[in-house]
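Chemist: Take a look at the following structure, please.
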Amino acid sequence: MARKMLVDGGDGMEVEFDYDLFTIGAGSGGVRASRMSAGHGAKVAICELPFHPISSEKLGGCGGTCVIRGCVPKKILVYGSSFHGEFEDSKNFGWDMPGEITFDWKRLIENKTKEITRLNGVYKRILANAGVTLFEGAGKIIDPHTVEVHLTTGEIKRFTTKHILIATGSSAVLLDIPGFDDEMRGVVAKNLEGRGVNLHPSTNIIKIEKIEGGLKVYSDRGEEIETDVVLMAVGRKPNTTGLNLNAVGVELHKDGAIKVDEYSQTNIPSIWAVGDVTNRINLTPVALMEGTCLAKTLFGGEKIKPDYENVPCAVFSIPPLSVVGLSEQEAVSQTENDILVFTSSFTPMKNTISGRQEKTVMKLIVDAKTDKVLGAAMCGPDAPEIMQGIAVALKCNATKAQLDSTVGIHPSAAEEFVTMRTATRRVTPDGQVIKV
Amino acid sequence: MAAARCAFAAASSFFGKYYLRRPLHSPRLISVSPWTCARTRPAVSPIPFHFSSWLIGERASSYSADTCNVSSVAADGSFDFELITIGAGSGGVRASRFAANLGAKVAVVELPFATISSDQTGGLGGTCVIRGCVPKKLLVYGSKFSHDIEESRGFGWSFESEPKHDWATLIAQKNAELRRLLGVYKNILSSAGVTIIEGRGKIVDKHTVEVNGKKYSAKRILLAVGGRAVVPDIPGKEFAITSDEALDLPSQPKKIGIVGGGYIALEFAGIFNGLGSEVHVFIRGNKVLRGYDEEIRDFLADQMTLRGINFHFEESPLAIEKSSDGLLSLRTNKGMERSFSHILFGTGRRPNTKNLGLEEAGVGLDENGAIVVDEYSRTNVDSIWAVGDVTNRVNLTPVALMEGGAFARTVFGGEDIKPDHVNVATAVFTQPPVGCVGLTEEKAIEKYGDIDVYTTNFRPMKATLSGLPDRTLMKIVVDATTDKVIGVHMCGDDCPEITQGIAIAVNAGVTKAQFDATVGIHPTSAEELVTMRTPTRKIRLKGTKVPEAVVGSSQIL
């Protein structure tokens, strides 16, 4: 349906666009921006590749990485694998599991795929309910106001649009990964080994050979390991090939990420980008935040920038790690005052009986002058669930005194956060450690 | 000196002030509680809630001029100890070691250890460590595994033969852990330089405690003797057990009748149900968890019922009968329930104030037997203080710790600290558990009139694969006028852990806007709390009288 729309800032000529917003990519950021824009009254279309668990230039699916091959399936697999540890822990609580306990990988994967397929359907309904038109196929930008879709039916269609949103996410490849708090990284590594994972630090794979029954891996330290599977998890790269960005003139960073300003606008005024394709903070809730802010900026009558301060996140190792705010290193380098570091390492109550030799570690970073809590970290069971509330506290600029005056919930692991009375060390801005 | 003090007390009460807000430094102890000095009760000052049912006639005898003097035991005015604490539980230990760390000479009196408490038995660590928080949580962990086993099937796990549980192993492990903690508490006290006196402490006078026939003088006495489970006086009550016994049974109940609808009754219901016992819960009222948010009460009962617990609402016990086969029957107002191997009463606890010498010393009690204290935990006797469950304020370990710490820092540390009982987060370790902080929706309507309520009732991710009917309910109550979050309530897996961080924010005065501005951690259940954008209901009743029927109804506006 043609509509009359005014071109922004141009020659004042009235032009008809098919849509107010055309989004390429129906993942976390794309769906959020699209449905919210439609909610603000905009006419919105979105295109997405056909659904498949394995992504490629031709395959994707509504829901995107998070739903199909990220957050959701990974958490399901973490749950599935955690049961093993639970069964071990149960012995000293009086449980006896006579006979064989078997794990059926195929069943887990089947049930996982059923669930992500269901969610894929849910996302399609979310878009339909919001009045967003969904096209299945690969999107390509022709000019600042035109998108071409190669539909899975074989047709190629062109649509004009006032705004284009690129939300094509990222894919796994070889890249650098940023680090977490050094002390906490050590805790995670120790826990992995405690649970039976063999770690080979400072080692690179130089060759992989196919052998009978599997693979053989050669390392630069002279190790040779036979294995069923080699999983490369060294980073992800933004999906910007096939979009024709070069021809249209959209600027990219060196790593291939789309360059955007604080409002998620590219160098082309009508082209915007959110989510992993912009490589800011690659987390679903951040993509959601970026999408929401964009929809409000474009169609909600209020220019809003996403806020990247104190974004909490979690690593679902077993046990998991969760952090919010500054790491100790970041706090030392970014704060002009001394910082106080509070740490607590304890055996969680369950392990006093289960016998599992695993400690929970918690950490608070406090500005020594203002008493403001700059960062919090925890590695232990339930850390991500616990950290969410801590993140809310940081959002209201909580001080250490406010944490200390909060009465604990007992017995819990979380109460440790409100009972850390003595600083472990004091660190000056130039990195000098003072024993407290 | 005494006369001047009494005059001062009268004067300060005349101006509507109850107490002199000054740090108490020894030796210039100036106690101006009107209870010790005034011969008439202050007419002007409002009586705080914990004084409301205070007065027992005989106490008038303590209003003598003598009580205004600092009682001198030794001729040179010295005491054996600056502080004697009776009771080495959460509050007592905290207060004692803090006081010792601040330089005071402290002794703590505690009964010898036993898992079952009595007039003769207790133990270092108190209720929390020996027969409360710690063992119950361990039993919750132990019983939860059955749910994990059920859940695991949808994730690909299968068992050649059905897993079995051995009660004796669980109890033995629990008891081993208790003993370890006892040792830890002993060390905590010794390292702080606190003298431990084993025995039953009794107050002889306001500066003297007697233990096993030996008298000790103290400048100050702290009562931290806690509370104990009570069983209603019905025929056959000797066949009933309390939480003490439930935590240490020689064998697992086959069919257990639990009387009570509070957290203790419900937590045990979850424990025994998780281990495979047939569980029946008898509740006098029509809902579980009186005092909690109405939606949470309903939701929890539904979830517990789905897990197999049988609730009998509006059913009260009249008698217990034992049959020849050794099984118990419970006669109620609705009929007879038979064949219980055990009947557990979780119907309430009472402060341990009998036989402590309190009446003789003139320490005031309320109608529940709780020691009456002011905001600083001071009793009406100027040298006697009380913290923890014996004062029946907020009966939680972290609160007892707070009260004990505040007492020590105020009395020995020169600070002026009142424990703050507002917005204390609590948890109920049912299965699924409950976590909450702040006001219930009902209380919020009463207090603020205009509130917005956000709720979400969802299936947690684990349940999407386990196929079990587990759900989670989360709720945020907002003062519509200020946008401040005044209550957060939740029921579902991990909720107690989730609530702690939320409690910090609520205590810091967080607004709903700040909640919404916080980025979620994904995937978690907790992130639901920062993603609730649309109020489920808006209530606008400010300035109006709230009709009974409206409270809790979702039919408002």
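Bear in mind these aren't lab numbers, they're just calculated from the coordinates by the rules spelled out. Since the structure is predicted, the reported quantities are computational estimates derived from the model, not experimental observations. With ideal geometry, Cβ positions are generated from the backbone for all residues, glycine too; neighbour counts draw on all protein chains shown.
Chemist: As an exercise: evaluate B:Ile203 against (1) within 10 Å of chain A (Cβ to nearest Cβ); (2) assigned to a strand (DSSP E or B) and give the number of the one condition it does not meet.
Modeler: Failed condition: (1).
Chemist: Hey, could you check segment A:272-290 for residues that are in contact with a strand residue (DSSP E or B) (Cβ under 8 Å, 6 or more places away or on another chain) and crowded, with 24+ Cβ neighbours inside 10 Å and say which is farthest from A:Thr161 (Cα to Cα)?
Modeler: That would be A:Asp276.
Chemist: Go through segment B:245-262 and give me each residue that's in a helix (DSSP H, G or I) and either crowded, with 20+ Cβ neighbours inside 10 Å or in contact with an Asp or Glu (Cβ under 8 Å, 6 or more places away or on another chain) (or both). Let's see the steps before the verdict.
Modeler: Of the residues in segment B:245-262, the ones in a helix (DSSP H, G or I) are B:245-246.
Residue satisfying the conditions is B:Ala246 alone.
Chemist: Criterion first (over 18 Å from B:Gln252 (Cβ atoms), of a type in the set (Lys, Arg), under 20 Å from the mean Cα position of the chain (by Cα) and assigned to a loop (DSSP other than H, G, I, E, B)) does B:Arg350 satisfy it?
Modeler: Values: over 18 Å from B:Gln252 (Cβ atoms): yes; of a type in the set (Lys, Arg): yes; under 20 Å from the mean Cα position of the chain (by Cα): yes; assigned to a loop (DSSP other than H, G, I, E, B): no.
Considered against the rule, which asks whether it is over 18 Å from B:Gln252 (Cβ atoms), of a type in the set (Lys, Arg), under 20 Å from the mean Cα position of the chain (by Cα) and assigned to a loop (DSSP other than H, G, I, E, B), B:Arg350 comes out as no.
Chemist: Of all residues in segment A:71-82, which are closer than 15 Å to A:Ile318 by Cα and either more than 7 Å from chain B (Cβ to nearest Cβ) or without any contact (Cβ under 8 Å) to a residue 40 or more places away in the chain (or both)?
Modeler: If the condition is that a residue be closer than 15 Å to A:Ile318 by Cα and either more than 7 Å from chain B (Cβ to nearest Cβ) or without any contact (Cβ under 8 Å) to a residue 40 or more places away in the chain (or both), then A:Lys74, A:Ile76, A:Leu77, A:Val78, A:Tyr79, A:Gly80, A:Ser81, A:Ser82 are the ones that fit.
Chemist: Let me ask you something else. Whether any residue in segment A:338-351 is free of Cβ contacts under 8 Å to residues at least 40 places away in the same chain, more than 10 Å from chain B (Cβ to nearest Cβ) and not charged (D, E, K, R) is what I want to check.
Modeler: Our first condition is that a residue be free of Cβ contacts under 8 Å to residues at least 40 places away in the same chain; within segment A:338-351, this holds for A:345, A:347.
Still in the running and more than 10 Å from chain B (Cβ to nearest Cβ): A:345, A:347.
So of that shortlist, the ones also not charged (D, E, K, R) come out as A:345, A:347.
The answer is yes, given that some residue of segment A:338-351 is free of Cβ contacts under 8 Å to residues at least 40 places away in the same chain, more than 10 Å from chain B (Cβ to nearest Cβ) and not charged (D, E, K, R).
Chemist: Name the single residue, out of those in segment B:375-402 being in a loop (DSSP other than H, G, I, E, B) and small (Gly, Ala, Ser), that is farthest from the other protein chains (Cβ to nearest Cβ).
Modeler: Just the residues of segment B:375-402 that are in a loop (DSSP other than H, G, I, E, B), to begin with: B:375-377, B:379-383, B:387, B:392-396.
Filter again for small (Gly, Ala, Ser), leaving B:377, B:383.
Details: B:Ser377: 15, B:Ser383: 28 Å.
Among those residues, the one meeting the criterion is B:Ser383.
Chemist: Then there's this: Looking at B:Leu330, B:Leu356, B:Leu344, can you tell me which residue is assigned to a loop (DSSP other than H, G, I, E, B) and touching a residue at least 60 places away in the same chain (Cβ under 8 Å)?
Modeler: Numbers: B:Leu330 fails: assigned to a loop (DSSP other than H, G, I, E, B); B:Leu344 fails: assigned to a loop (DSSP other than H, G, I, E, B).
Unique residue meeting the criteria: B:Leu356.
Chemist: Return the residue satisfying two criteria in turn: it lies in segment B:480-507 and is in a loop (DSSP other than H, G, I, E, B) and small (Gly, Ala, Ser), and of such residues it is surrounded by the most Cβ atoms within 10 Å (Cβ to Cβ).
Modeler: Residues of segment B:480-507 that are in a loop (DSSP other than H, G, I, E, B), as a first pass: B:480-483, B:492-494.
Subsequent filtering for residues that are small (Gly, Ala, Ser) retains B:480, B:492.
Working: B:Ala480: 19, B:Gly492: 25.
Per the criteria, the residue is B:Gly492.
Chemist: Next question. State whether one or more residues within segment B:158-176 are within 11 Å of chain A (Cβ to nearest Cβ) and of a type in the set (Phe, Trp, Tyr).
Modeler: Scanning segment B:158-176 turns up at least one residue that is within 11 Å of chain A (Cβ to nearest Cβ) and of a type in the set (Phe, Trp, Tyr).
Residue-wise test of (1) more than 17 Å from B:Arg131 (Cα to Cα); (2) touching a residue at least 60 places away in the same chain (Cβ under 8 Å); (3) of a type in the set (Asp, Glu).
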site: B:Asp166; (1), (2), (3): yes, no, yes
site: B:Asn175; (1), (2), (3): no, yes, no
site: B:Arg200; (1), (2), (3): yes, yes, no
site: B:Ala218; (1), (2), (3): yes, yes, no
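Chemist: Moving to a separate point now. Scan segment A:378-418 for residues that are free of Cβ contacts under 8 Å to residues at least 24 places away in the same chain, more than 7 Å from chain B (Cβ to nearest Cβ) and not acidic (Asp, Glu) and report the count.
Modeler: 0
So that you can scan it fast, the table gives a plain yes or no per residue for (1) farther than 16 Å from B:Leu529 by Cβ; (2) within 14 Å of another protein chain (Cβ to nearest Cβ); (3) assigned to a helix (DSSP H, G or I); (4) basic (Lys, Arg):
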{"position": "B:Ala406", "(1), (2), (3), (4)": "yes, yes, yes, no"}
{"position": "B:Thr410", "(1), (2), (3), (4)": "yes, no, yes, no"}
{"position": "B:Asp416", "(1), (2), (3), (4)": "yes, no, no, no"}
{"position": "B:Val424", "(1), (2), (3), (4)": "yes, yes, no, no"}
{"position": "B:Ala427", "(1), (2), (3), (4)": "no, yes, no, no"}
{"position": "B:Val437", "(1), (2), (3), (4)": "no, yes, no, no"}
{"position": "B:Lys447", "(1), (2), (3), (4)": "yes, no, yes, yes"}
{"position": "B:Ile451", "(1), (2), (3), (4)": "yes, no, no, no"}
{"position": "B:Lys462", "(1), (2), (3), (4)": "yes, yes, yes, yes"}
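Chemist: Shifting gears a bit: Answer yes if at least one residue in segment A:365-374 is surrounded by fewer than 21 Cβ atoms within 10 Å (Cβ to Cβ), more than 10 Å from chain B (Cβ to nearest Cβ), on the phi < 0 side of the Ramachandran plot and aliphatic (A, V, I, L, M), and no otherwise. First the steps, then the outcome.
Modeler: First pass over segment A:365-374, keeping only residues surrounded by fewer than 21 Cβ atoms within 10 Å (Cβ to Cβ): A:367-372.
After this cut, where a residue has to be more than 10 Å from chain B (Cβ to nearest Cβ) as well, the list is A:367-372.
Among the residues that remain, those that are also on the phi < 0 side of the Ramachandran plot are: A:367-370, A:372.
This time we only want the ones that are aliphatic (A, V, I, L, M), so: A:368.
Checked against the condition, which is being surrounded by fewer than 21 Cβ atoms within 10 Å (Cβ to Cβ), more than 10 Å from chain B (Cβ to nearest Cβ), on the phi < 0 side of the Ramachandran plot and aliphatic (A, V, I, L, M), segment A:365-374 yields at least one hit.
Chemist: Can you list residue pairs whose Cβ atoms sit under 8 Å apart, with the first residue in segment A:83-105 being at the interface with chain B (Cβ under 7 Å from one of its Cβ atoms) and the second being surrounded by 16 or more Cβ atoms within 10 Å (Cβ to Cβ) and of a type in the set (Asp, Glu)? Count only pairs 6 or more apart in sequence or on different chains.
Modeler: Going by the 8 Å Cβ cut-off, the qualifying pairs are A:Phe83/B:Asp148; A:Phe83/B:Glu151; A:Glu86/B:Asp148; A:Ser90/B:Asp148.
Chemist: Still on this structure, please answer the following. Which condition does B:Gly193 not pass, out of (1) at the interface with chain A (Cβ under 9 Å from one of its Cβ atoms); (2) on the phi > 0 side of the Ramachandran plot, if it passes all the others?
Modeler: Going through the list (1) at the interface with chain A (Cβ under 9 Å from one of its Cβ atoms); (2) on the phi > 0 side of the Ramachandran plot, B:Gly193 breaks only (1).
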